[in-house]
Structure formats: C-alpha cells, structure tokens
Amino acid sequence: MQQAFFIGPAILFYSIVIAIPFFFGIYYSMTSWDGVSGNAVWVGLNNFSTIFLKDPEFGQSFWFTTRFTLTAVILNNVIGFALAYLLSLPLKSRSAIRTIFFLPNVLGGLVLGFIWQFILVQGFPGIGKLTNLSFFTLPWLGTEATAYWALIIVSVWQGAGYLMVIYIAGLANVPKDLIEASVIDGAGKWQILKNIIIPLIMPTVTVCLFISISWTFKMFDLNYSLTSGGPYGSTESVAMNIYNEAFGNNRYGLGTAKALIFFVAVTFITLIQVKLTKSREVEM
Amino acid sequence: MIGRSYSFKWFGIELLAFLLALVFLSPFYFVIVNSFKSFAELLTDTAGLPGVLHVENYLNAWKALNYPQAFKNTLIITIFSNLGLIIISSMAAYRLVRNKSRMNRILFSMFMLAMVIPFQSIMIPMVKMFGWVNLMNTFTGVVIAYMGMGVSFTLFLFSSFIIAIPKEIEESAVVDGCTPYGTFFRIIVPLLKPMTVTVLVLNSLWIWNDFLLPMLVLQKPGLQTIQTATSSLFGQYMTQWDLALAVLVMGMVPVMILFFMAQRHVIQGIADGAVKG
C-alpha cells in the first residue's frame with residue numbers, strides 16, 4: 001500500500017512517457033507505418049536492411065555525429081578543465097568570472113543557434129572588416145568544413161562552462177596537504193597536475209565525459225537552428241535525420257527503426273566510456 | 001621585492017581570466033547592441049554601438065512573437081511540470097532510499113536507465129499515443145511528457161539528498177505516533193527544501209528552453225511557447241535581423257532573470273548532481 005502510494009505515481013508517468021513508447025517503438029520499427037493512416041503493416045526487418053543498405057544519408061549523419069562528438073567532447077573537456085583550474089586559483093574576481101563562463105548554458109540550444117547564425121553571418125564579417133583577419137571572413141555556414149567548425153565553436157562556447165562547474169567541484173575535493181607534500185618533494189606544476197591532480201579527479205572526468213558525450217551525440221536544437229543540417233546535408237546529426245525521416249518524409253516506421261539503432265549506439269558508446277574511465281579511477 | 005613580483009603575477013592571471021571572460025561574453029554584446037539598430041545600420045556597422053536606439057524593434061518583436069501569450073503558455077507548462085515532478089519524484093525517492101527491497105533496487109536502476117534513452121527514441125510512438133488519448137495540442141499532454149521525461153533525474157537528485165538525512169529523526173517521529181505518510185509530509189518534506197529549490201531551478205531552465213517537445217505536441221498557433229514561437233518567426237524573417245535579434249533578446253530575458261536570482265542553486269545543483277553520480 002505504502003509502496004503504491006509513494007512510487008506509484010512516478011512509475012505511472014515513467015511508463016506512459018518512457019517505457020510504453022519505447023516498447024511500441026520496437027514494434028513500429030518493424031512496420032511500414034506512415035503516421036497518417038491508422039494501419040501499420042508488418043514488414044519484419046525490412047526497415048533495418050533499408051537503413052543499412054540503401055540509405056547513405058543515415059550513414060553520413062552517423063559519421064558526422066561521431067566525428068563531431070569526438071572533437072567537441074575533447075575540446076569541451078580540455079577547455080572546461082583549463083577554466084576550472086584557472087578559476088580554482090585564489091583570484092579576486094573568480095566567482096563573477098565563473099558565472100560569465102556558465103552563462104551560455106542558461107539559454108536553450110535553439111536560441112544559441114540563432115544567436116550564432118547572426119554572429120557568423122553578420123558579426124564575423126564585421127570584425128573581419130575592422131581587423132583584416134581572414135578567420136572572420138570565412139563563409140562560416142557556406143562550406144562543409146566551416147559549418148562543421150561553426151557547430152564545434154558554439155558547442156564549446158556552451159558546454160565548457162557547464163563542465164567547468166563540475167571540474168571545479170572535483171578539484172575542490174583534491175586534498176591540499178597532498179599537493180603541499182609534493183611541492184616539498186620538489187614536484188613541478190606539470191608533474192603535480194599529471195601525477196596527482198588528474199588521477200585523483202578521474203571520477204569527475206568519468207562524469208564529464210559521460211555528460212558531454214551523451215549531449216553532443218544527441219544534438220538536435222542547435223543543429224536545427226544553426227545549420228539545419230546544411231550545406232547539402234553535411235552537418236545533419238543523427239537526431240535530426242530521425243526527425244526529418246519521421247516528421248518530414250512521413251516515414252514513421254523507418255524513423256522509429258533509426259531511433260532504435262540510435263538508442264543502441266548511445267547506450268553502447270556511453271557504457272564503453274564509463275567502463276574505460278572507471279578502470280582508471282584510483283582510491284584516495 | 002618578492003611580495004611585489006608575486007602580486008604582479010597574480011594580477012597577470014587575473015587579467016587573463018578577465019579577457020577570456022570578455023571573449024565569452026562578446027556574442028551577447030553583438031546580439032544586444034544590434035537589436036537596437038536599424039536594419040541598414042546593423043548591416044554596415046555590426047561591431048559599433050547604435051547611433052539611435054531603435055526601441056521600435058522591440059515593439060515589433062513583442063507583437064510578432066505574441067509575447068504575452070507565448071510567455072503565459074511557457075510559464076503554465078513550466079509551473080505545472082515542476083509541481084508534478086517535485087511531488088512524484090520526492091515521494092518515490094523517499095521510498096526507494098528508505099525501503100531497499102530487491103524490487104526497489106530494480107525499480108531504481110530502471111529509472112536511472114531512462115537517463116540514457118534519447119528523446120528521439122521515444123518521441124514518435126509518444127506522439128502517436130498522445131493522439132489516441134486526445135493529449136495532442138494540450139498543456140496536459142506536454143506536462144505529462146515533462147513529468148515522465150524528468151522523473152529520473154529529479155528522483156536521482158532527491159535520493160542523493162535523502163540518503164544524507166539521519167534515520168533517527170524519522171524513528172523518533174514514529175515513536176511519537178507519526179504514520180509513514182505523516183513522517184514523509186511533516187518531517188521529510190520540510191527537510192528537502194534546499195534540494196527542492198535546486199530541482200526547481202534546474203528543471204525550469206530545461207523546460208523553459210526546450211524546443212522539440214513543444215514543437216511536436218503543441219502545433220496550434222495559440223499554444224506556442226517562447227521557443228516554438230521564436231522558431232516559427234525565424235522561418236519567416238530569416239534575414240530581417242533588426243526584428244529577429246529583438247525577438248532573441250526577449251526570449252533570453254526571462255531565463256536570465258531566473259538564473260541571476262538563483263545562480264548559487266544552479267551551480268551547486270550541477271556540482272552536487274555530478275559528484276554524487
């Protein structure tokens with residue numbers, strides 16, 4: 001009775017929104033459902049063979065998402081950690097500066113994308129005219145390579161500050177006397193960082209990698225508003241490909257099959273990452 | 001001498017951090033400054049300050065966005081989703097932490113598992129199911145969706161907090177004749193207050209900024225949230241930046257205010273959630 005009273009409501013909403021749609025999704029992934037007509041015709045594993053054999057765009061979006069995630073996750077974590085390290089020093093203005101680095105996270109991906117569209121299309125050429133730096137006059141959203149890096153820039157601008165907050169919490173847990181002892185033993189700054197701080201904050205690294213990988217891999221809003229997948233579909237993320245397949249082309253069956261593959265990929269990648277980084281954690 | 005060179009070095013580091021922060025802030029500068037310019041001025045002088053303040057950009061944006069309506073819609077959705085999430089998640093977290101049966105361990109991992117499921121994997125059948133039970137184009141539908149999607153993370157935050165509450169407090173309440181329900185609502189709920197504030201702010205930022213879910217479920221014009229209204233405006237006025245930038249600023253302001261009011265809770269909540277995970 002108490003069990004039902006306390007946990008019942010949570011399970012109810014979880015089932016309606018997550019569990020039941022998820023299992024329905026497995027069923028729909030084996031139908032040719034178009035979303036409009038009521039009947040979904042069973043087609044077995046046809047959707048999956050279509051995706052793997054006849055849909056180069058899905059493969060392309062997967063490849064783009066993987067490359068994008070790899071670059072964005074590395075840059076986000078390196079910069080997030082560097083900012084955390086810098087702002088763990090006893091600076092006078094550090095709490096104000098921390099807030100500034102976190103600020104982009106207050107906005108949603110949709111708004112961020114539109115803001116950066118303006119900056120890349122209007123702001124950068126404006127700065128380019130003033131400074132004559134060719135970096136600012138590139139056709140930022142016009143070519144495959146620059147659009148890729150445009151997305152990276154925005155994702156780092158947003159993500160680094162979030163990870164910084166977590167890294168600061170991790171750095172605060174490193175015992176001070178351990179560092180003092182190593183200074184007395186004659187260790188340099190770089191040695192302390194590499195041999196003491198980084199091994200001790202590995203649990204934080206695990207969490208930050210987990211968060212940044214699952215975020216970046218599932219990117220949709222930013223992609224939708226900044227590049228819409230362009231130019232020529234070269235920056236279409238998997239999440240966006242699924243959305244377009246289902247709601248753009250009205251192929252709901254095919255879309256759910258893609259979503260299922262996406263789920264397996266996300267779970268697989270994050271599990272491997274957690275397993276790998278957990279094995280490098282050390283006990284204090 | 002040593003003291004002087006030391007403070008000089010710290011000043012250098014402080015300056016570096018400050019300059020980096022300025023670079024980080026510059027996109028906000030561009031958006032805000034240009035939202036006050038005429039279209040011609042914005043094209044020819046993007047970096048400078050506006051010559052004349054074109055406040056009418058904001059009046060036009062207010063109308064184009066149907067701001068009061070979009071604001072009200074977003075607010076209703078955010079408030080009710082938050083209320084629901086706090087109630088169902090704190091109750092479940094309490095039971096799952098304090099009654100560690102085999103069943104409850106399984107349930108807990110089931111909730112945690114949902115945090116890896118991408119929304120894209122459930123959205124298509126979810127929209128279909130909402131159609132069956134007439135939840136499409138209703139706030140109830142959106143609120144239910146947020147409650148289901150947010151329950152895992154909220155439950156996780158509450159349970160990490162409840163673990164730290166000493167059991168003795170509850171035991172003495174039971175001795176004094178409190179029922180299990182009374183113990184929860186009279187003893188535990190007041191103690192949860194700091195975590196409730198954190199949960200409230202984190203979930204509000206998420207729901208307020210969310211775009212895909214309201215776009216899928218609320219397709220009628222009068223039901224638009226700030227995000228979906230912004231998105232559909234951009235489809236129409238792509239290059240009309242004077243209007244578009246004012247729209248963006250008006251979408252940004254409410255969350256900025258919320259953030260500055262509660263930034264301590266936001267930052268603490270993120271750090272706690274991550275470290276305890």
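Odds and ends about this structure:
- Other protein chain Cβ atoms within 10 Å, averaged over every residue that makes up A:114-127: 6
- Accessible area expressed per residue, segment B:58-275, with surrounding protein chains retained (probe 1.4 Å, Å²): 42 Å²
- Cβ charges +1 (Lys, Arg) and -1 (Asp, Glu), total dipole of segment B:8-157, debye: 1000 debye
- Note on segment B:125-201: with charges restricted to the Cβ of Lys and Arg (+1) and Asp and Glu (-1), its dipole about the Cα centre is near 340 debye.
- Computing FRET efficiency as 1/(1 + (r/R0)^6) for B:V174 and A:R94, where r is the C-beta to C-beta distance and R0 is 41 Å, gives about 0.35.
- If the Kirkwood radius is taken over C-alpha pairs of the protein assembly as shown, then at 25 °C and 0.890 mPa s the Stokes-Einstein diffusion coefficient equals 96 µm²/s.
- The listed residues A:F268, B:F28 rank as A:F268, B:F28 when sorted by accessible area, largest first, using a 1.4 Å probe.
- Helix A:109-118 and the longest principal axis of the Cα set of chain A meet at an angle near 80°.
- Nearest-0.05 FRET efficiency for A:V282 and B:I165, computed from C-beta distance (R0 25 Å): 0.25
- At q = 0.16 Å⁻¹, base-10 log of I(q)/I(0) for segment A:58-122 (Debye sum, equal scatterers on each alpha carbon): -0.80
- With Rh defined as the Kirkwood radius, the inverse of the mean 1/r over Cα pairs, the Rg/Rh of segment B:58-275 is 1.04.
- Surface accessible to a 1.4 Å probe, B:L223 within the full protein complex, Å²: 40 Å²
- Note on B:M256 and B:Q69: the model spin-label points, each 7 Å out from Cα along the C-beta direction, lie 2.6 nm apart.
- Using only alpha carbons, chain A has a radius of gyration to Kirkwood radius ratio (Rg to Rh) of 1.05.
- For the pair A:M1 and A:V264, the difference between a 0.36 nm per residue extended length and the Cα-Cα distance amounts to 91.1 nm.
- Positive-end residue of B:Q224, B:Q120, B:Q69, charge dipole of segment B:58-275 with Cβ unit charges: B:Q120
- Using a cut-off of 30 Å between Cα atoms, the listed pairs B:K72/B:K128; A:K54/B:K128; B:K193/B:K220; A:K258/B:K193; A:K129/A:K218 include B:K193/B:K220; A:K258/B:K193; A:K129/A:K218 as exceeding that distance.
- Across peptide A:249-261, the mean count of Cβ atoms from other chains lying within 10 Å of each residue's own Cβ comes to 2.
- Between A:E57 and A:L12, residue separation times 0.36 nm minus the direct Cα-Cα distance comes to 12.4 nm.
- A 1.4 Å probe over all protein chains sorts A:K176, B:K9 by accessible area into A:K176, B:K9, starting with the largest.
- With both labels modelled 7 Å from their Cα along Cα-to-Cβ, the B:F185 to A:D177 distance reads 4.9 nm.
- Of the solvent-accessible surface of chain B, computed with a 1.4 Å probe over protein heavy atoms with every protein chain present, carbon and sulfur atoms account for 70 percent.
- Cα pair distances exceeding 18 angstrom across segment B:177-260, given as percent: 60 percent
- Debye, to nearest 20: dipole size of segment B:58-275, +1 on Lys, Arg Cβ, -1 on Asp, Glu Cβ: 320 debye
- Summed over both chains, the accessible area lost when A and B associate is about 7700 Å², using a 1.4 Å probe.
- Sequence ranges B:50-56, B:38-44, A:23-29, B:116-122, ranked by mean other-Cβ count within 10 angstrom, highest first: B:116-122, A:23-29, B:38-44, B:50-56
- Computed accessible area, B:I13, all protein chains, 1.4 angstrom probe, square angstrom: 40 Å²
- Each listed q (0.20, 0.29, 0.30 Å⁻¹) maps to a log10 I(q)/I(0) for segment B:114-166 from the Debye sum over equal C-alpha point scatterers, namely -0.76, -1.12, -1.15.
- Surface accessible to a 1.4 Å probe, A:V205 within the full protein complex, Å²: 30 Å²
- Counting only lysines at least 8 places from B:K9 when in the same chain, those with an alpha carbon closer than 19 Å to its own are A:K92, A:K189.
- Each of B:D242, A:D185 has its accessible area taken with a 1.4 Å probe; listed largest first, they run A:D185, B:D242.
- The angle between the Cα long axis of helix B:67-98 and the longest principal axis of the Cα atoms of chain B comes to about 30 degrees, rounded to the nearest 10.
- Shielding value for B:13-23 is 5, the average number of Cβ atoms from other chains within 10 Å of each residue's Cβ.
- Amide H contacts for A:T31 (H built 1.01 Å from N in the peptide plane; partners 5 or more residues away or on another chain; cut-off under 5 Å): A:V43.
The values are calculated or read from the model by the stated rules, or taken from the named source; none is laboratory data. Computed from a prediction, not measured in an experiment: that's the story for all the values here. Using ideal geometry, Cβ is built from the backbone for each residue, glycine included, and neighbour counts are taken over all protein chains shown. For the accessible areas, the whole protein counts, side chains as well, though only heavy atoms, and no ligand, DNA or RNA atoms are used. Shrake-Rupley method; radii C 1.70, N 1.55, O 1.52, S 1.80 Å.
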